[in-house]
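The values are calculated or read from the model by the stated rules, or taken from the named source; none is laboratory data. Predicted model only: the values in this text are computed from it and were never measured. FYI the Cβ positions are ideal-geometry reconstructions off the backbone, even for glycines, and counts take in every protein chain you see.
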Amino acid sequence: MNLKDCRIAYDYFSGTASSVARQLGFAGIAVIWIFKSDHGGEYRVPDELIWPGLCLLGGLAADFLHYVVGSLIWGGYHRYKETIGTLEDQDFFAPRWMNWPGNLLFYAKLFLICAAYALLILFLVDKLRVA
């Protein structure tokens, strides 16, 4: 094993985690939608589902920003290296801080989706106990 192998494993697992988190975000919104009620033509979500919904939306926003911020940083760095005359196949080191915003958004998205599901599970357990 070498650093390249570690990077390949990291890319696979983080990419898969992002895909699963995105799917869970949309599925969680669908679960919340199931419990909406109609009050005179106006849809209303139970108060207990407001925080899970906000966490899900925050997680999906962090997912989007994770890719937007990463593309802006790496696209900008590519352009910078290009303008200073770096050759296409020339090796160089990139500053470590360039990954920090993307990593922060990656972990924020996972945290928010997990928090939303913990709250959804508590809500569903409470509903099942009443039924």
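The table below lists the values:
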item	result
Residue pairs meeting the criteria (Cβ under 8 Å; at least 6 apart or on separate chains; first on the phi < 0 side of the Ramachandran plot and among the aromatic types (Phe, Trp, Tyr), in the range 32-47; second in a strand (DSSP E or B) and loosely packed, with under 10 Cβ neighbours inside 10 Å)	TYR43/SER37
Pairs with Cβ under 8 Å, 6+ apart, first in the range 102-131 and among the charged types (D, E, K, R), second part of a helix (DSSP H, G or I)	LYS109/SER18; LYS109/ALA21; LYS109/GLY59; LYS109/LEU60; LYS109/ALA62; LYS109/ASP63; LYS109/HIS66; ASP126/GLU48
Test: residue in the range 42-64 that is under 22 Å from MET98 (Cβ atoms), in contact with a Phe, Trp or Tyr (Cβ under 6 Å, 6 or more places away or on another chain) and not hydrophobic (A, V, I, L, M, F, W, C)	no
Residue match in the range 37-52 (condition: of a type in the set (A, V, I, L, M), at pLDDT 95 or above, farther than 12 Å from ILE113 by Cβ and in a helix (DSSP H, G or I))	yes
Test for THR16: is it surrounded by fewer than 13 Cβ atoms within 10 Å (Cβ to Cβ) and hydroxyl-bearing (Ser, Thr, Tyr)	yes
Test for LEU112: is it more than 16 Å from GLY15 (Cα to Cα) and more than 20 Å from the chain's Cα centre (by Cα)	no
Odd one out for ASN99, checked against (1) touching a Gly at 6+ places or on another chain (Cβ under 9 Å); (2) free of Cβ contacts under 8 Å to residues at least 24 places away in the same chain; (3) within 14 Å of ALA21 (Cα to Cα)	(3)
Test: residue in the range 71-94 that is touching a residue at least 60 places away in the same chain (Cβ under 8 Å), surrounded by 14 or more Cβ atoms within 10 Å (Cβ to Cβ) and either out of contact with any Gly (no Cβ under 8 Å at 6 or more places or on another chain) or assigned to a helix (DSSP H, G or I) (or both)	no
Count of the range 88-117 residues which are within 15 Å of ILE73 (Cα to Cα) and either aliphatic (A, V, I, L, M) or in contact with a Leu (Cβ under 6 Å, 6 or more places away or on another chain) (or both)	4
LYS127 of a type in the set (D, E, K, R), modelled with pLDDT under 95 and either surrounded by 12 or more Cβ atoms within 10 Å (Cβ to Cβ) or not in a loop (DSSP other than H, G, I, E, B) (or both)	yes
Checklist (1) modelled with pLDDT under 95; (2) assigned to a helix (DSSP H, G or I) applied to SER18, failing item	(1)
